[in-house]
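Down below is the structure, laid out as structure tokens.
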Amino acid sequence: MFNTLKILFHHGRQSIPNVATAELPGIFRGRPVITNEKIDTAALVKLCPTGAIGSSPISIDLGKCTFCGECAFAFPNKITFTKDYKLATNSLERLIVTEGTNQPVLLDASLIRSEISKYFSGSLKLRQVSAGGDNSCEMELNACGNVNFDMGRFGIEFVASPRHADGIVITGPLSENMALPLQICYDAIPEPKIIILAGTDAISGGIFSGSPALNRHFLNQYKIDLYVPGNPIHPLTFINGVLDLIRTNPRHT
């Protein structure tokens, strides 16, 4: 017992004390800010491989953005990526960042179902499905439960069986081969259940958007409760987004 306590004392607390105020290094690309500087709009729009940049007004759709940073490299005075990792929301419209604004991405309180905070505010079990993913978002979701991020302290955990889950977390662009397994998994989860899309590929199809190898019909059938942008997502983006969704006093308007 003494040796165990000694080891714990020397290791200290490894988890991030407050996931809502943690600082990330400058290399991280979070919420973009677009200034009002006049530029060659056509050249900017042409840069984006996923069509995330709009022209009237100039905007960036975080649901399509791969966070490659090419737009900021080419037009550094027009676009900068901040270290703000709180990007998750429950509205596709709120994923669009427009020029001349510098507002945080928040959840829309009117879109949150009442049963979510009623049943899941203290405990949420999720089943993750990789629907044609490249394993990047999947690895970040695994990291959510490690000693640093320690998502389990909030009662949020991934489970092996959909029968033990309260909701589903989808990664990947939703390939044709995963359409049926995804539906089977969702059907096995008891009501009420939530749907979370994690990553650019899941939200919009990403660089695979429009491919005949995809089958995204599943997303047209059900209400999506949370969109978590990123390519891949960051654990802090996912954790803060889920907490905002399930808590009775979340960070939303």
Next on the checklist: Yes or no: segment 223-243 includes at least one residue that is in contact with a Ser or Thr (Cβ under 7 Å, 6 or more places away or on another chain), of a type in the set (Val, Ile, Thr) and part of a helix (DSSP H, G or I).
Outcome noted: no
Next on the checklist: Just the residues that are free of Cβ contacts under 8 Å to residues at least 12 places away in the same chain, closer than 18 Å to Arg29 by Cβ and of a type outside the set (A, V, I, L, M, F, W, C), please, taken from segment 66-102.
Outcome noted: Pro76
Checklist entry - If you go through segment 207-222, how many residues are over 16 Å from Val129 (Cβ atoms) and assigned to a helix (DSSP H, G or I)? => result 3
Checklist entry - Of all the helices (runs of 4 or more DSSP H) wholly in segment 87-206, which have at least 1 residues that are within 16 Å of Asp61 (Cα to Cα) and at pLDDT 95 or above? => result 200-204
Next on the checklist: Please count how many residues of segment 67-78 are in contact with an Asp or Glu (Cβ under 9 Å, 6 or more places away or on another chain) and buried (at least 19 other Cβ atoms within 10 Å of the Cβ).
Outcome noted: 2
Item to check | For Asn18: the one exception among (1) out of contact with any helix residue (DSSP H, G or I) (no Cβ under 8 Å at 6 or more places or on another chain); (2) surrounded by 15 or more Cβ atoms within 10 Å (Cβ to Cβ) | outcome: (2)
Next on the checklist: Show the residue pairs meeting these rules: Cβ distance below 6 Å; 6+ apart or different chains; first residue within segment 135-155 and over 18 Å from Phe120 (Cβ atoms); second residue assigned to a helix (DSSP H, G or I).
Outcome noted: Glu140/Pro235; Ala143/Pro235; Phe149/Pro235
Item to check | Residue satisfying condition, being closer than 27 Å to Phe208 by Cβ and acidic (Asp, Glu), within set Asp40, Asp61 | outcome: Asp61
Checklist entry - Considering Asp166, Asp134, which residue is more than 17 Å from Asn231 (Cα to Cα) and not basic (Lys, Arg)? => result Asp166
Checklist entry - From Thr35, Thr66, Thr41, Thr80, which residue is at pLDDT 95 or above and touching a Lys or Arg at 6+ places or on another chain (Cβ under 6 Å)? => result Thr35
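The values are calculated or read from the model by the stated rules, or taken from the named source; none is laboratory data. Since the structure is predicted, the reported quantities are computational estimates derived from the model, not experimental observations. Using ideal geometry, Cβ is built from the backbone for each residue, glycine included, and neighbour counts are taken over all protein chains shown.
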